[in-house]
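Heads up: the structure comes next, in structure tokens.
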Amino acid sequence: MTFADKTSLAGALNGTFASLDLVGRLRALRAQVAGRIAFTTSLGLEDQVITHAIAEAGVDVDIVTLDTGRLFPQTYQVWAATEAKYGLKIRAFYPQTEAVEQLVTAQGIDGFYHAVSAREACCHVRKVEPLARALNGADVWITGLRADQSGHRQGMGFVTFEAGRGLIKANPLLDWTREAAAQFAAQHEVPINELHAQGFLSIGCAPCTRAIKAGEPERAGRWWWEDEAKKECGLHVDAQGRLVRTGAGENAS
Ligand code: SF4
């Protein structure tokens with residue numbers, strides 16, 4: 001598909017998503033796109049809801065995750081439980097061995113705490129570069145982003161063409177609330193990370209995620225030691241290919 005084809009298809013799908021439920025949205029994507037559809041899961045609540053819906057819809061979607069090497073043990077547990085429940089495989093993308101070796105040699109094992117530039121270097125090696133490989137050759141990228149997670153997400157569409165990566169980005173949970181996702185997960189016995197119940201609403205790498213306190217924004221527990229204005233890891237770009245400020249970095253979701 002050319003960029004023009006993808007732009008036009010994204011616009012058409014964006015218009016149809018509003019009237020469809022989650023399974024309907026996934027089926028519409030699969031019906032309209034002949035090429036590879038990649039879903040990047042961080043194994044968090046919203047992404048687990050999407051994995052459940054992919055299994056329910058019976059659609060061919062490549063479910064991938066980024067194993068940064070610094071995930072919580074509980075994240076690996078929910079990964080294994082998900083594969084067992086749905087009989088599917090979540091394909092893992094790992095950082096390049098030499099790049100990790102050089103990173104740790106240069107900044108130490110937890111060097112990301114010491115400077116924004118060190119944290120960005122770590123995120124680049126462990127997340128951004130593997131994500132590029134995970135999306136390579138995909139026509140569509142499905143994410144679990146919700147509009148109410150942060151200010152900039154309120155301006156996002158259900159389906160957009162992301163020129164920077166040359167693919168269609170689909171956000172089938174854009175109009176969901178966290179409560180709706182939690183309710184759906186409970187109702188359908190979707191495996192979820194036990195850390196969610198301990199105040200970890202947004203779960204990324206273990207050393208860079210903490211539980212949030214009552215009243216804090218959902219993603220305040222990510223990179224909590226940094227200035228709010230500097231939090232960004234480059235996993236999401238806007239329609240012009242610019243990095244989008246996320247409020248706390250993305251775990252490819
Ligand atoms: S979230 Fe933390 S540990 Fe994970 S890649 Fe980024 S800096 Fe490294």
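Bear in mind that the values in this text are calculations on the coordinates, not laboratory data. Given the structure is predicted, the values throughout are model-derived calculations rather than measurements. All Cβ positions, even for glycine, are placed from backbone atoms using ideal geometry, and neighbour counts span all protein chains on display.
Worth a mention:
- The stretch 1-150, relative contact order [Cα under 8 Å, separation at least 6], %: 29
- Mean-position separation - Cα centroids, the stretch 71-133 and the stretch 1-58, in angstrom: 25
- The mean sequence separation of alpha-carbon pairs under 8 Å and at least six residues apart, normalised by the residue count of the chain, gives a relative contact order of 24 percent.
- Amide H partners (placed H, <5 Å) of residue 176, local residues excluded: 147
- Span-rule helices in the chain, defined as complete DSSP H runs reaching 27 Å or more along the axis (Cα) with Kyte mean at least -0.5: none
- Within a Gaussian network of the chain (alpha carbon springs, distance under 10 Å), most fluctuating of 169, 127, 89: 89
- A Gaussian network model of the chain, with springs between Cα atoms under 10 Å, assigns the largest mean-square fluctuation among 42, 202, 19 to 19.
- FRET efficiency for residue 8 and residue 148, using Cβ-Cβ distance with R0 set to 25 Å, rounded to 0.05: 0.30
- Distance between modelled label sites at residue 60 and residue 175, nm, 7 Å Cα→Cβ extension: 3.0
- Approximating the spin labels as points 7 Å out from Cα along Cα→Cβ, the residue 183-to-residue 91 distance works out to 3.5 nm.
- Of 80, 163, 214, the one that fluctuates the most in a GNM where the chain has Cα springs shorter than 10 Å: 214
- Taking the square roots of five times each eigenvalue of the Cα gyration tensor of the stretch 3-194, the equivalent ellipsoid has semi-axes of 28, 21, 16 Å, listed largest first.
- Cβ-Cβ distance of residue 77 and residue 98, R₀ of 25 Å, FRET efficiency by 1/(1 + (r/R0)^6): the value works out to about 0.25.
- One decimal place: the segment residue 211-residue 19 gains 65.6 nm when fully extended, by the rule 0.36 nm per residue minus the C-alpha distance.
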